[in-house]
Amino acid sequence: MADGDLPPHARLVNFVSEEQLEEGRRNGGGRVVDDGTAQSDRSFYEDENLTRRKNSSPNPLGIQEEFLNSAKTHNDPRANGDHNDNHLPKKPKLSSSSTFITNAEIRKEFAHHQPGIARINNGSFGSCPASIIAAQKRWQLRFLQQPDDFFFNHLQKGILHSRSLIKSLINADHVDEVSIVDNATTAAAIVLQHVGWAFAEGRFQKGDAVVMLHCAFQAVKKSIEAYVTRAGGSIIVVQLPFPVHSNEEIIAEFRKGLAKGKANGRKVRLAIIDHITSMPCVVIPVCELVKISREEGVEQVFVDAAHAIGSVHVDVKEIGADFYVSNLHKWFFCPPSVAFLYCRKSHISPDIHHPVVSHEYGNGLAIESAWIGTRDYSSQLVVPEVLEFINRFEGGFEGIRRRNHDAVVDMGKMLMNAWGTNLGSPPEMCPSMAMIGLPSALRISSDDDASKLRTHLRDRFGVEVPIHYQAPKGAELGEKDMDSYITGYVRISHQVYNTLDDYVKLKDAINQLVSDGTTCNMLLKE
């Protein structure tokens, strides 16, 4: 992408005309450019020498030199803990009502999405705006142009800056409690590796339990198998109801799981709690479950919140878990893949390590995670630009989250009414995703049927949406529509780029299949 092709709000700041510089000096740094968007170049005017240096030696990559230069005040760019955060740029201000991002600008930011596809599955892989992709490319070029300078002078400072911003977003006490890792799968491996070592080294007794929800992500289940069960730990799986009607149903089942884990004198060494379950999708009363875990003597609590940041409110001190992970590429607009792992400061902190061992081993998890060998770290460096993008929306971070929630509930109700089915959970238990029952006439009777129907919707109708098979359990046959019991649910997402047409396309596709008498056993397996 040529510099001139960048969206207006991604304009490279060093390409400012002399006339705009003069106007900026007169107006204290504020200006309105030819596309009508408001810009702020204050940092260029506060130091005339800095302005001259930039004009004489422009930075073709548009890197945020303000924070890179100010970060040089650190003796150790990897610094953790109680360092002074005053070197960081001020928190980006929310746009005024006259400069909020427009619908046309949103469409431009996501114009790289494949045309003709109703993309209502943001929950799986997220979405990245064009301006953030451009920022990532600038970081990648910064490395490729002069790798040594990038490694020694910029990489660790940039990652520290991102960690500091995340610390503020999630209300952590210390920046060294925040590590940046590839994804929630990596974070689960870090936590479960630590627990597995405790079993293997005799600090936990053979047969002591790890309690988890039955709908935990498959990678978490595999990490438990790889690290915990082979070292002698036992696993207690809490079966949650679905459809679910209240938090109390979840809390009751969780209490049963803890009681089972403590039976026969055993101890529950770790509780793994989803903040938002993936499939089926439900917001879990995580604060209550963590509190119950503490009351019941659970040693450590790990919250797998892969979908959380950007989708629900996150305050790690309020939640109170020992470990909390959330992906930044799902609902936070970062390019894939990147996540933060919060590890509450405690006596076990020095024993938490990244599973990929590099020369930073032993310097603390945050530092270990910031260098695991030569690789592309650009997705970890664009957090400042992502926050600038978010703050172009009315209400910023919370405004986006609130509107996505309200929209997905409205779309869910529209689909439910059109199909004569149900929501999988009350609106207050929906994040930016919702589960909606599919007509029983489709005859979804297995996970394989759900997979075939999803493929058919993609290939024939241009609709991308996950489908969940809900098997009847004994006498609990579940919800019914006018024909029979509902055994299939779609999980719809709503992100800022989605429109009503996306959900109407899904509605019409399902109605056409039912009208045509199509059932899942008629669909070909791909």
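Starting from the 7 Å offset along Cα-to-Cβ, what nm value, one decimal, do you get for the label separation of residue 459 and residue 447?
Modelled inter-label distance: 2.1 nm.
With only alpha-carbon atoms in the gyration tensor, what are the semi-axes of the equivalent ellipsoid for region 98-218, in Å, largest first?
Three semi-axes, in Å: 36, 24, 15.
Express the accessible area of region 130-248 per residue in Å², computed with a 1.4 Å probe while the remaining protein chains stay in the model.
Per residue, region 130-248 has an accessible area of 39 Å².
Roll a 1.4 Å probe over the protein chains and send me the accessible area per residue for region 386-526 in Å².
43
Take region 176-295, compute every pairwise Cα distance, and split them into 5 Å bins from 0; I just need the percent in each bin.
So the P(r) values, bin by bin, are 2, 11, 21, 22, 21, 15, 7, 1, 0.
Using alpha-carbon positions, what is the distance between the centroids of region 331-366 and region 170-236, in Å?
Answer, in whole Å: 13.
Using 0.36 nm per residue of separation minus the Cα-Cα distance, give me the extension gain between residue 141 and residue 317 in nm, one decimal.
Difference between extended and current length: 59.6 nm.
Using the Cα atoms as the points, what is the convex hull volume per residue of region 240-318 in Å³?
93
Debye sum, Cα scatterers, region 369-526, no solvent: what log₁₀ I/I(0) at q = 0.11, 0.15, 0.18 1/Å?
Here the Debye-derived log intensity ratios amount to -0.55, -0.84, -1.04.
Restricting attention to the alpha-carbon atoms of region 424-474, what are Rg (one decimal) and Dmax (integer), both in Å?
12.4, 36
Can you put 507, 413, 206 in order of accessible area, largest first, using a 1.4 Å probe?
Sorted by accessible area, descending: 206, 413, 507.
Compute the convex hull volume of the Cα atoms of region 309-380, divide it by the residue count, and report the result per residue in Å³ as a whole number.
87
So what's Rg/Rh here for region 429-514, counting alpha carbon atoms and using the Kirkwood radius for Rh?
With Rh from the inverse mean 1/r over Cα pairs, Rg/Rh is 0.97.
Past the 30 Å Cα-Cα mark, which pairs from 267/317; 206/317; 452/480; 222/345; 157/317?
Exceeds cut-off: 206/317.
Please find the FRET efficiency linking residue 225 to residue 104, where r is the Cβ-Cβ separation and R0 is fixed at 41 Å, and quote it to the nearest 0.05.
Efficiency, from the Cβ-Cβ distance: 0.25.
Ignoring ligands, DNA and RNA, what percent of the 1.4 Å accessible area of region 133-246 is carbon and sulfur?
Taking all protein chains in place, region 133-246 shows 53 percent carbon and sulfur surface.
So what's the gap between the Cα centers of region 420-494 and region 495-526, to the nearest angstrom?
The distance from the Cα centre of region 420-494 to that of region 495-526 comes to 11 Å.
Taking a quarter of the surface of the convex hull around the Cα atoms of region 249-394, what do you get in nm²?
Mean shadow area of the hull around the Cα atoms is 11.0 nm².
Can you give me the % of accessible surface on region 326-410 that is carbon or sulfur? Probe 1.4 Å, all protein chains present, nothing else counted.
51
If you take every residue apart from residue 343 with its C-beta less than 10 Å away from the C-beta of residue 343, what net charge results, scoring Lys and Arg +1 and Asp and Glu -1?
That sum, taken over residues with Cβ under 10 Å, equals -1.
Which percent of the accessible heavy-atom area of region 418-526 goes to carbon and sulfur, probe 1.4 angstrom?
Heavy-atom surface of region 418-526 belonging to carbon and sulfur, 1.4 Å probe: 48 percent.
Semi-axes of the equivalent ellipsoid of region 316-433: what are they in whole Å, largest first, if each equals the square root of 5 times a C-alpha gyration tensor eigenvalue?
Those come to 36, 18, 14 Å.
Which residues among region 352-378 fall inside the zone where the amide N is under 19 Å from a point 7 Å beyond the Cα of residue 152, along Cα→Cβ?
Of the residues in region 352-378, 359-360, 371, 373-375 have backbone N under 19 Å from the label point off residue 152.
Can you give me the distance in nm between label points at residue 252 and residue 471, each placed 7 Å from the Cα along the Cα-to-Cβ direction?
2.3
The values are calculated or read from the model by the stated rules, or taken from the named source; none is laboratory data. A quick note: this is a predicted structure, and the numbers were derived from the prediction, not measured. All Cβ positions, even for glycine, are placed from backbone atoms using ideal geometry, and neighbour counts span all protein chains on display. Quick note on the areas: whole protein, heavy atoms, side chains included, nothing else; ligands and nucleic acids left out. Shrake-Rupley method; radii C 1.70, N 1.55, O 1.52, S 1.80 Å.
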